[in-house]
1. Once the convex hull of the C-alpha atoms of the range 186-253 is built, how many Å³ does it hold per residue, rounded to a whole number?
2. What length, rounded to one decimal in nm, is gained on full extension from Tyr381 through to Glu362, with 0.36 nm per residue of separation minus their alpha-carbon distance?
3. How big is the gap, in Å, between the Cα center of the range 62-126 and the Cα center of the range 333-368?
4. Shape verdict for the range 169-296, please, from the Cα gyration tensor: rounded (a/c under 1.5), prolate (a/b greater than b/c) or oblate.
5. Sort Leu134, Leu256 by heavy-atom solvent-accessible area, probe 1.4 angstrom, most to least.
6. Per residue, how much accessible surface does the chain expose to a 1.4 Å probe? Answer in Å², no decimals.
7. Pull out a ≥ b ≥ c, the square roots of the eigenvalues of the alpha-carbon gyration tensor of the range 28-96, then state rounded if a/c is under 1.5, prolate if not and a/b is larger than b/c, and oblate in the remaining case.
8. Taking only C-alpha pairs under 8 Å that are 6+ residues apart, what is the relative contact order of the range 349-393 in percent?
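The values are calculated or read from the model by the stated rules, or taken from the named source; none is laboratory data. Note that the structure is a prediction, hence the values are computed from the model and not measured. Cβ atoms come from the backbone with ideal geometry, glycine included; neighbour counts cover every protein chain shown. For the accessible areas, the whole protein counts, side chains as well, though only heavy atoms, and no ligand, DNA or RNA atoms are used. Shrake-Rupley method; radii C 1.70, N 1.55, O 1.52, S 1.80 Å.
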Amino acid sequence: MSNPSHSPISASSRNHGRILVVDDEELLVRALVRTLTAAGYEVSTAGDGRKAAELIADTEFDVVVSDIDMPRMNGIQLLQTVRQRDLDVPVVLMTGNPDLKTAVQAVAHGALQYLIKPVNIEELGKVIRRAVRLNRMAKLKREALGLVSEGGLGVADRVALEASFERVLDTLWMAYQPIVRVADRSLFGYEALLRSEDKALPHPGAILYAAERLGRLDDLGRRIRAAACGPVPEAPAAAVFFVNLHARDLMDETLLASNSPLSAIAGRIVLEITERASLDGVKDARGKIADLRRMGFRIAIDDLGAGYAGLTSFATLEPEFVKLDMSLVRDVDKNPTKEKLIRSMTSLCKELGMMVVAEGVETPLERDLLVTLGCDLLQGYLLAKPGRPFPAFAW
């Protein structure tokens, strides 16, 4: 069987991505190799899972495309092997004998997509293009994470922490910060930001930490969602509202209830899911996100560049919006590495059909460079500080 990855390939074609095709059907493999090579990819092939595992041990691939029904090591076993080595590389599984069990196994072990044979070559090409972009985003996120450090909160006394958290719930209120369109400098919407009068937990990060420590994330999430939607009727009619969710909120059945506080205005709500908490522990996260979209909600990934580096959030959430973390935005005009990362992230997000929000904009130089780098929306103290409903903004 031919292996084009060992033939000369130009630098420009190599930039398209390195693909591993694993299948024991030679005609299909040849068709895929022709199509992918013509599209500029570097393609390696293997006739069974064990040979593929050997190649993966020695080579970094951007995408693995594998049949499920193969001798020696099947596609599910190969997927498990891949995940032991690399949590991010997208794996696309194909099968001519679909059944529920293998589909569930594929999703459980992190397959990006599960395709039924005969596979439409053009459609598979679209899947691979998307997979390559997602993998590149995962690498950029990992690089960005290296630029960001996080501090912790030390609260040892559980009783005192409980008391402080209860005071937070009693005094909780929402501040709103404008989000502004770059194209015409008009209001796009507001982010609803958690605030409390309790000084023992002085900022949202401390409150969230306490909720996690105490197992009270559901209580906090419900209070936030109820408070966030209260002033919406008083806002400009076209304004969109960004409301923060913890990954664990996706498991709260009240989020999907038709009588929940946000449901009546779902068309005006963007649910921000932070990258600082992994989705791995959320059962059927993809299904829950689909249900939220059917209700009218849109989805944003928050804290891009400061949270979990990986593929999971983009592949699972397929967000309409991506918010660059303020730690990445801060002093971007003085930091060529940050500038390069934001340029690459913004370009990839646009290719994936996502709008980019830069948050934490504090200086005119940051603002002007972020506009040049292609950000669609801006948010930060330079434009307006968070405040009670609803602060005015200035470019």
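1. Working: hull volume 7.8 nm³, N = 68.
Measuring per residue, one finds 115 Å³ for the Cα hull of the range 186-253.
2. Stretched out fully, the Tyr381 to Glu362 stretch lengthens by 6.3 nm.
3. Between the Cα centre of the range 62-126 and that of the range 333-368, the gap is 34 Å.
4. Numbers: a/c = 1.62, a/b = 1.15, b/c = 1.41.
Oblate, because a/c is 1.5 or more while a/b does not exceed b/c.
5. Descending order: Leu256, Leu134.
6. Values: 17760 Å² over 395 residues.
Accessible area per residue: 45 Å².
7. It comes out oblate by the Cα gyration axes.
8. RCO, the range 349-393: 37 percent.
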